[in-house]
Structures are given as C-alpha cells and as structure tokens.
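Read the structure below first, then the notes.
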Amino acid sequence: MNIALHQAAAAMTANMQWHDLVAQNLSGQSSPGYRAQVGGFEEFRIPGSPNPTPSNSQVGSAYPMLRAGLNRNQGALQPTGSLTDLGLEGPGFFAVQAPGGGRAFTRDGQFHVDRQGALMTKEGYPVLGDTGPVRIDPQAGAVSFGPRGEISQGGIPRGQVQLVEVADPSQLQHLSGSYYRLPANLKTTPAAGTTVQTGFLEGANTSSVQEMGNMLLAMRHFEANQRALQVADERMGRSIQELGTPPQ
C-alpha cells in the first residue's frame, strides 16, 4: 500500500472538513447563542499496525483526521429591552421541543408568546419548562423571568423554564443554527451554575478575524497535501514504469 498517497488524501479530506466547519462558524456569527465549532487534528492508525518506534518501518503509518468540539467560552450579552429575550450566563442550555419529537438544546433565548400562550423560539419550537411546554396566560398581564428561569405573571408563579447542563459538551450534535441534540444514551442535569438575564441575548462566541485566518490555513494545508498526493502518484507511476521495462 502506498502510505504517502493515502496520508495525503486523508489530510485533504480532514482539511476540507475543517474548511466546512469554519464556514459554518462564519454563517452562525449572527445567530444569538451560537457556539463556535473548534477543530483539532489527531492521528488515526489502521487497526493492527504497530506503534511507531525508531527501529520499525511503520513510523509514517498514522493518518490525520479532524475532531470537532464546541467552544465553551461565554458570548457577550447584548441588551434588547424585550421581556421575553433571555440571555444565559454560565454553561447551561435552554431545552426546547425539537421537530419530530425529543429535546433540542440552545442558548438562543429570543422567545415570544404566541396567540395560544405558548412560549416559542423564533423558529417556532416550543420552549420546555419543568412539566412540559411553557404556557403563559395571555390575559394575565406581563410575564417576568427570574434568575433561575422562574416564570411569573402578576406575582403568580407560572412554572420554570427548563435549564440544563451537559457533562461533556463535545457530545452535543449540531442540528442547525444555534440548536444541538444529545445522543439518546446521554443525560442532562439541572443547570445549577447558570443564571438568566432578562432583556438580553447572548451573542455568538465566534471571531470573524480568527475564522477567516482558519479558512486560509485550511485552504493552504489542502493545497500542500494536494501537491504531496500528486508527487506520490508520480513516483508510483515511475516505479511501475521502471519495473515493467525489460532489461536491455
């Protein structure tokens, strides 16, 4: 097997994935609560290949692959003045009812109350409370939210917005925009270290300057490995040609 050829192809694939990840971060920059995806490269070794040592011939048998995770840094809180805009401080997420069932998680707290009194995301997903979707009485006056997500109208408790924390945020699977899902076998815990700020929205924790720099790096790495693949292919072609040429 031509290891150099396969390594270059694997590196090209990993850098294409990094490029796509950076493009996703740039597109999410205007989405409240968006968590940037952070890419890192690690080696993948074919099962059964020996660990590299200075004395064996498998030193170059590792293949690069991209592993992505969430940037956990807090985004800046921006005032909006809307009583149903909720910004989060801390590691927690709002829980919403995902299309098709189940829960999705977001830090985008740009909510509104519809005509039926349901607290909804701007995409139309019901916001979940401690006993199911949050319901507000449209006739009971202005709604207010406490620092732990407590809901009240005219001093009367109306439940609590469900705030959760994820033990390992790297397990969150990106759905779209600022929404994520957990695998079915993983659980959440109540968000003890998270507070709600009414009238604020958290901005995306991305940096356009950093992301543009990452995009340029991904493109340069891709081009460098593309050249390496071409060189490896040419060498293999010459070897085949020389081996197939009968002695004079």
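Results, tabulated for the structure shown:
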read-out: Whichever residue in segment 98-117 is of a type in the set (A, V, I, L, M, F, W, C) and modelled with pLDDT of 95 or more and, among such residues, is farthest from residue 71 (Cα to Cα); value: 111
read-out: Verdict on residue 66 being modelled with pLDDT under 85, part of a strand (DSSP E or B) and surrounded by 16 or more Cβ atoms within 10 Å (Cβ to Cβ); value: yes
read-out: Among (1) surrounded by fewer than 18 Cβ atoms within 10 Å (Cβ to Cβ); (2) not in a helix (DSSP H, G or I), the one test that residue 180 misses; value: (1)
read-out: Residue 113 among the β-branched types (Val, Ile, Thr) and under 22 Å from residue 73 (Cβ atoms); value: no
read-out: Among (1) at pLDDT 80 or above; (2) under 30 Å from residue 226 (Cβ atoms); (3) charged (D, E, K, R), the one test that residue 72 misses; value: (2)
read-out: Matching residues in segment 137-152 - criterion: being outside any strand (DSSP E or B) and more than 29 Å from the chain's Cα centre (by Cα); value: 137, 138, 139, 140, 141, 142
read-out: Residue 209 β-branched (Val, Ile, Thr) and within 17 Å of the chain's Cα centre (by Cα); value: no
read-out: Failed item, numbered, when residue 81 is tested on (1) farther than 18 Å from residue 173 by Cβ; (2) crowded, with 18+ Cβ neighbours inside 10 Å; (3) of a type in the set (Gly, Ala, Ser); value: (2)
read-out: Residue identified as surrounded by fewer than 18 Cβ atoms within 10 Å (Cβ to Cβ) and under 20 Å from residue 75 (Cα atoms) among 216, 243, 201, 175; value: 175
read-out: Where a residue in segment 146-168 is modelled with pLDDT under 90 and its partner, wherever it lies, is surrounded by fewer than 14 Cβ atoms within 10 Å (Cβ to Cβ) and in a strand (DSSP E or B), with Cβ under 8 Å and at least six apart; value: 167/189
read-out: Failed criterion for residue 193 (all others in (1) touching a residue at least 40 places away in the same chain (Cβ under 8 Å); (2) within 17 Å of residue 32 (Cβ to Cβ) hold); value: (2)
read-out: Selected residue [out of contact with any Ser or Thr (no Cβ under 6 Å at 6 or more places or on another chain) and more than 17 Å from residue 82 (Cα to Cα)] from 142, 191, 118; value: 191
read-out: Single match in 117, 154 (criterion: surrounded by 14 or more Cβ atoms within 10 Å (Cβ to Cβ), of a type outside the set (Lys, Arg) and at positive phi); value: 117
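The values are calculated or read from the model by the stated rules, or taken from the named source; none is laboratory data. The model shown is predicted, which means the values in this text are computed figures rather than measured ones. So basically every Cβ, Gly included, is an ideal-geometry build from the backbone, and we count neighbours across all protein chains shown.
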